[in-house]
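Shown next, in structure tokens, is the structure this report addresses.
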Amino acid sequence: MIECADLTKTFRGTIRALDAMSLGAKRGEVIGIAGPNGAGKSTLIALLLGYLHPTSGSVTLGGLPPRRYVEHQRVGYVSELIAVPPRWRVDEALERLSILTGVTNAEARSQIAALLAQLGLEEHRTKQVRELSKGNLQRLGLAQALLGDPDVIILDEPTHGLDPVWMLKFRAVMRDLRRPDRTMLIASHDLAELSALTDRVYIIDHGRVVRSVDTRSTAPGSREYRLTLAAGAEIVPSVFPAARPVGPEGSFELPAIDLATLNTGLAELLKGGAQLTSVAPTESLLEYHFRDAVDKVGA
């Protein structure tokens, strides 16, 4: 559904924002884009929406140039900063924006009512946009993106401004939006959200894809772990000589080790009478890959 092949974009002839970038997303997939500031995320999104044209290489949505796809099929898009005329009411804004989707008035009314309920905006429907909190404004942006029930949805920092309650609800909304014929792309600095919401994340830096991470895969060969024990802390140094005591008594961090070595050591601890409270990686799979990939690019 989304296909970028050797995609390059330069500005003023010399500033290369994207450099032979290749990535793709199938129907039914949710992919993520992560990278440091200036990595090329905004330029990529502008190309996917047809706001810009590539300098070289190609980008297509459903086999069509982005602009043609947007005009005939529509793409739901949530920008990082939502811009809606501040004097419009919430329901009025959605009614006006629904005209752009080409749906009938009856369909629009039905969709708007459902979206207001789904995104917790019913109590704010008669407020002017300027009266909305940052989080509610972000939810309004998501509501307008879903008008017309698009098959492609692009979200740029969609959790920007959401409080912890709506961060959790947003995950549920995203799960509800999944379907076999829909493709979603999420660009975000929040690696935890990308880990929870996507099937795959492209890590980009300096305009290139530096790594593709399957967020549903098993852990990499070696990782750092944190152990917490209720009893037997004195045994840890003999089993894991490189373990570092951290935080409360009974907590240790283990330098990067492979899974087999970890499990062998844990078995020894338990055999020696230790009582484990928890064992977990010190960083998520995506955090591990992001740090590793970006560090290698910068080296």
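Here, each number is a calculation from the coordinates, and none is a lab measurement. Quick caveat: nothing in here was measured; it's all calculated off a predicted structure. Because the Cβ atoms are built from the backbone with ideal geometry, glycine has one as well, and the counts that use them run over all protein chains shown.
Computed on the range 1-117, with alpha-carbon pairs under 8 angstrom and 6+ residues apart, the relative contact order is 23 percent. For the chain, the relative contact order comes to 20 percent (Cα pairs under 8 Å, sequence separation of at least 6). With axes computed from alpha carbons, what is the tilt in degrees of helix 259-271 against the longest principal axis of the chain, rounded to the nearest 10 within 0 to 90? Between helix and principal axis, roughly 50 degrees.
For the chain, the Kirkwood hydrodynamic radius comes to 21.7 Å, computed from all pairs of different C-alpha atoms. For the chain, a crude dipole built from +1 on the beta carbon of Lys and Arg and -1 on the beta carbon of Asp and Glu, taken about the Cα centre, is about 760 debye to the nearest 20. Per residue, the chain reaches -10500 deg cm²/dmol at 222 nm when only DSSP H runs of four or more residues are counted, each adding -39500 (n - 2.57). For the chain, the longest principal axis of the alpha carbon atoms and the long axis of helix 134-146 meet at an angle near 60°. Working from Cα positions, state the angle (0 to 90°, nearest 10) between the long axis of helix 285-298 and the longest principal axis of the chain. Once rounded, one gets 90 degrees.
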